[in-house]
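Colleague: Let me begin by handing over the structure; questions about it come next.
Rule-based calculations on the coordinates, nothing more; no lab input. Everything numeric here is computed off the predicted structure, so don't read it as measured data. Reconstructed Cβ throughout: ideal geometry from the backbone, glycine too, with neighbour counts over all protein chains shown.
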Amino acid sequence: MAFIYWLNSTLAVVFAILALTLWILMRREQKWSHSIIAHLTYIAAMLALIFVLRQTAQHIVSDYKLTDIDPDWIDTTSAFLMVWVTTLQIFQLINRITHSGINRGNDPTSARMIARVLKLVIIVIIVILFGEHFGIGLSGLLAFGGIGGIAIGVAGKDVLSNLFSGVMLYFDRPFNIGDWIRSPDREIEGTVVEIGWRLTKIKTFDNRPLYVPNAVFSTISLENPGRMSNRRISTTIGLRYEDADKIAAVIHDIRSMLKADDRIDHKQDLLIYFNEFADSSLNIMIYCFTKTTRWAEWLSIQQDIYLKIITIVHAHGADFAYPTQTLYMQKPEPEAQA
């Protein structure tokens with residue numbers, strides 16, 4: 001009997017040291033520590049440790065006639081610990097593989113959705129395999145799914161609606177993580193940070209988190225400017241009426257300037273036309289698209305083009321109009337002399 005206790009103690013110490021060493025090493029940013037083999041080795045060491053402790057506890061209960069401790073309770077507790085440790089490590093491994101894939105350039109939306117599905121599948125498998133051990137029978141689960149499922153469906157209608165809407169967001173893909181979205185129907189605008197089972201997290205442009213239930217996206221119109229192929233420059237400049245004879249030359253030079261700019265997408269519409277007799281100005285419409293979709297770069301290009309337009313207008317001796325009114329004063333007629 002003493003030999004068994006000595007052997008179990010030795011094995012417990014060995015497995016505990018091995019598990020602790022692996023746990024510490026896996027906390028470091030090393031490539032091998034994120035591998036499947038490292039996690040499986042840690043799981044094996046922890047399971048072996050729990051198994052040795054279980055055997056030791058059973059020997060103690062049997063040898064010392066401890067009637068207050070039920071052997072079945074020891075089996076249930078050890079089984080629960082084994083399942084708990086295994087599940088946590090598998091979930092951690094899935095998370096690390098997901099983050100590694102995202103860092104390598106994989107689509108974060110797909111990676112995180114696949115990770116969630118894998119975790120759900122693992123939970124279902126664990127319940128099916130170990131449910132009987134914890135008193136959860138398969139027939140009981142089926143009965144719960146039939147009767148209790150109806151009650152949950154009625155009580156948690158909104159939760160289920162958000163859940164299914166989240167699944168449809170994944171398949172329809174109106175947006176991905178990192179996209180800039182906005183809704184003309186609601187005050188929703190910002191960058192998508194996370195697409196969860198129930199909520200989608202959006203970071204607004206003032207860096208405030210906005211949590212939107214997934215079901216909302218099935219009832220609103222949604223714009224995804226993040227998927228635009230070009231950004232538009234659209235403006236109207238107004239020249240004075242006394243510069244009417246210079247408008248044709250100004251339009252020609254502005255059009256030539258835009259056609260020579262390689263930052264402008266010449267496959268898109270390029271429209272520069274005199275299009276309106278306004279109250280105080282002769283208006284010229286300018287409409288074109290940049291190749292870039294980055295906001296800061298687009299602002300820089302637009303600013304540069306506007307400055308060039310000012311130079312062109314002034315080079316022709318013309319100037320920009322501003323609201324004016326002309327007042328005609330009539331001279332009083334001279335009074336007749338008596």
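Colleague: If you place +1 on the Cβ of every Lys and Arg, -1 on the Cβ of every Asp and Glu, and leave all else neutral, what size is the dipole of the stretch 248-338 about its Cα centre, to the nearest 20 Debye? Walk me through the numbers before you get to the answer.
Modeller: Details: 8 positive and 12 negative charges, 88 e Å.
Magnitude of the dipole: close to 420 debye.
Colleague: Right, next: Assign unit charges at the C-beta atoms only (+1 for Lys and Arg, -1 for Asp and Glu), then state the dipole size of the stretch 158-226 relative to its Cα centre in Debye, rounded to the nearest 20. Intermediate values should be presented prior to the final figure.
Modeller: Details: 7 positive and 9 negative charges, 33 e Å.
Roughly 160 debye, rounded to the nearest 20.
Colleague: Which entries in the list LYS267/LYS308; LYS119/LYS201; LYS246/LYS331; LYS203/LYS267 go over 28 Å, if you measure between the two C-alpha atoms of each? Write out the running numbers ahead of the final one.
Modeller: Working: LYS267/LYS308 22 Å; LYS119/LYS201 21 Å; LYS246/LYS331 34 Å; LYS203/LYS267 34 Å.
Pairs exceeding 28 Å: LYS246/LYS331; LYS203/LYS267.
Colleague: Hey, another quick one. Could you compute the net charge surrounding MET257? Neighbours are other residues with a C-beta less than 11 Å from the C-beta of MET257; K and R count +1, D and E count -1. Spell out each step's value before the answer.
Modeller: Details: positive: ARG255, LYS259, LYS308; negative: ASP253, ASP261, ASP304.
Here the count lands on 0.
Colleague: While we're on this one: Could you let me know the centre-to-centre spacing of the stretch 191-256 and the stretch 53-126, using Cα atoms, in angstrom?
Modeller: The distance from the Cα centre of the stretch 191-256 to that of the stretch 53-126 comes to 48 Å.
Colleague: How do HIS39, HIS252 line up, fewest other C-beta atoms within 10 Å first? If you can, show how the numbers build up before the last one.
Modeller: Details: HIS39 21, HIS252 12.
Exposure proxy ranking, most exposed first: HIS252, HIS39.
Colleague: Using a 10 Å cut-off around each Cβ, can you sort LEU11, LEU40 from fewest to most neighbouring Cβ atoms? Spell out each step's value before the answer.
Modeller: Working: LEU11 17, LEU40 13.
Ascending Cβ contact count within 10 Å gives the list LEU40, LEU11.
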